[in-house]
Each structure stands twice: as C-alpha cells, then as structure tokens.
C-alpha cells in the first residue's frame, strides 16, 4: 500500500480515489475471472441489439474498484465488516476511464459499531456510473488523533 | 448448467439453488480476481493477511448464484447491497443461497430482487446482501 490507513476520519474527509482504463480486453479478462460471460459484456454482436448498442463493463467489476479504494483507505477494515448499498446508474463503455471516489459524510454508531458513512462516486468522464454509500468500520475514536 | 427461466416463471419466495451452492475461495480464484480488477493485492500478500481473501470475491460467487437462478442472457445488474460480517479466509468453502424477495416492472423493464447469504464452514454468516437485476431476454 502506498499510504497508511486512516485511523480517525472526520466528516468531509476525502478518500484517496483510484481510476482505471477500460477496454474490451479488460472486460474479457474480468469475464474469465468471474465466470460472467453475459453477452452484453463480451459479445459485440449481441450487445449491439441491446439497450446500450455496444458492450458494457460488468457492474461488479466497477464495484470491485470501489471496494479496493475502501480497503486501501481503511487498512482492510472494509473487508472484515464493511457494507455497501449502491445503484448502477450508467454503463461503462470500452474506452472509458473509470474514476472512483469517496467522501466521509458522517461518523455514526450502527449496531454497536462505529463506522464512517462514505458517499461514493464513480464517473467516466462527465457520466455518473454508480451512486450510493458505504459503511466502513473505523474503530471507536470519534476524535482525530493529535 | 441451469436452464434459463422465463420472467413469468420466477416467483417471490423462490429459493435458489435448492441446496446451498458450495464455493471454494481458492488461491487461483483470488489471484484471477485480483489480476482482472487490477488490484495489486498488497492487503492479501503480506504477514497475517496472506491467509485472507478479498471480501469482494463476492463478485465471483454472486455470478455462480445468479446462474443458479436461471437468469437468461442480456440481464443488467441494477443495484447491489452487501454486508460483510467477517473477513474471508483463503481456502475456505462458503455455502451460498438466495431467495427472490420482490418482482416488479418499471419503465417496461422486468426487475427481480433477491436476498442472499453466504456462510462459512462453521455456519456463521460471512456476507449477506440484496441483488436487483433487470431480467434478460426470455428464452
């Protein structure tokens, strides 16, 4: 990891984002790894007859980027007790560069746990791809370490 | 391989698959997933974390689960909720099953909502969640 995980986040903090270029080879590789060979992702002829007119990336691949960002930020705490609730609001096309981001909205107690509620963003250029929130365990401190 | 089902044949309360799906979190699957998502995997390759898998390996077992539902080609993943109850251990086998929670038509698109849970070999919850899909083309 390039940065130490956050220890005491505060509302308004921005998470270090990440971005990835998407081409058909990336989509095909993800299909092989996930077993998701839905033709809307991997068959240009089939996808041409669908709602987007061309292949689109798997939504869960985009979500994996979001999880990577959340885990890098939290030192893996997201893996051990995180939550996501998102909607895929737009497709990712071949040639897009997807950028995921997050901002802490609040620190809250949920089911006896202290979590950072993170507003998620995901864009491809000026198009929104994904919207929603994550909850990331952040321990028990409500104050930033001095 | 499960045959594709028609939208009208899917009912709220349907459980799929009939017996929980077994999914091994094998090193090969984890490595393939990390490579395909461009994740260098530093969190999973050092110290004690070497026995840990990314929880988002859920991206892989959810596909197996949706295949067991008999979803036809062309479907679109519309929404996803996930909760991870503990970290996933490399090499463990998860038992996964889902239930259709809701069906509805919106803007002439047929939606299916399913709740799932994945349990570890000790029976404890590993993950739970809700998948909202736009149904593919009926066979």
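Throughout, read-outs are computed from the coordinates displayed, never taken from laboratory work. Treat the numbers as computed from the prediction; the structure is a model and nothing was measured. Cβ sites come from the backbone with ideal geometry, for glycine too, and all protein chains shown count toward neighbours.
Please work out if residue B:16 is away from chain A (no Cβ under 13 Å), surrounded by 17 or more Cβ atoms within 10 Å (Cβ to Cβ) and touching a residue at least 40 places away in the same chain (Cβ under 8 Å). So residue B:16 passes the test.
Of all residues in the stretch A:1-25, those that are over 20 Å from residue A:128 (Cα atoms), surrounded by 20 or more Cβ atoms within 10 Å (Cβ to Cβ) and within 12 Å of chain B (Cβ to nearest Cβ) total 0. Candidates are the residues of the stretch B:23-39 that are farther than 14 Å from residue B:117 by Cβ and in contact with a strand residue (DSSP E or B) (Cβ under 6 Å, 6 or more places away or on another chain); the one that is nearest to the other protein chains (Cβ to nearest Cβ) is B:38.
Considered as a group, the residues in the stretch A:106-141 that are more than 18 Å from residue A:7 (Cβ to Cβ) and over 18 Å from the mean Cα position of the chain (by Cα) include one that is surrounded by the most Cβ atoms within 10 Å (Cβ to Cβ), and that residue is A:110.
Among residues that are within 30 Å of residue A:52 (Cα to Cα), away from chain B (no Cβ under 12 Å) and not in a strand (DSSP E or B), residue A:102 is not included. For residue B:73, the criteria (1) facing chain A (nearest Cβ under 10 Å); (2) part of a loop (DSSP other than H, G, I, E, B); (3) out of contact with any helix residue (DSSP H, G or I) (no Cβ under 6 Å at 6 or more places or on another chain); (4) at negative phi hold in every case but one, which is (3). Looking across B:82, B:62, B:90, one residue alone is more than 30 Å from residue A:51 (Cβ to Cβ) and either at the interface with chain A (Cβ under 7 Å from one of its Cβ atoms) or touching a residue at least 60 places away in the same chain (Cβ under 8 Å) (or both). It is B:90. The sole residue among A:75, A:90 that is surrounded by fewer than 19 Cβ atoms within 10 Å (Cβ to Cβ) and at positive phi is A:75. Restricting the stretch B:42-56 to residues that are more than 20 Å from the chain's Cα centre (by Cα) and touching a residue at least 12 places away in the same chain (Cβ under 8 Å), the residue that is surrounded by the fewest Cβ atoms within 10 Å (Cβ to Cβ) is B:50. Within the stretch B:83-104, the set of residues being within 17 Å of residue B:11 (Cα to Cα), in contact with a helix residue (DSSP H, G or I) (Cβ under 9 Å, 6 or more places away or on another chain) and surrounded by fewer than 18 Cβ atoms within 10 Å (Cβ to Cβ) comprises B:100, B:103. When residue A:54 is tested against (1) surrounded by fewer than 17 Cβ atoms within 10 Å (Cβ to Cβ); (2) part of a strand (DSSP E or B); (3) in contact with a helix residue (DSSP H, G or I) (Cβ under 8 Å, 6 or more places away or on another chain), just one condition goes unmet, and that condition is (2). Search the stretch A:67-98 for residues being facing chain B (nearest Cβ under 7 Å) and closer than 15 Å to residue A:17 by Cβ, and hand back the single one that is farthest from the chain's Cα centre (by Cα). Per the stated criteria, the residue is A:71. On the stretch given as the stretch B:114-126, residues that are closer than 12 Å to residue B:98 by Cα and surrounded by 16 or more Cβ atoms within 10 Å (Cβ to Cβ) total 5. Looking only at the stretch A:26-42, residues that are within 7 Å of chain B (Cβ to nearest Cβ), in contact with a helix residue (DSSP H, G or I) (Cβ under 6 Å, 6 or more places away or on another chain) and under 19 Å from residue B:70 (Cα atoms) come to 5 in all.
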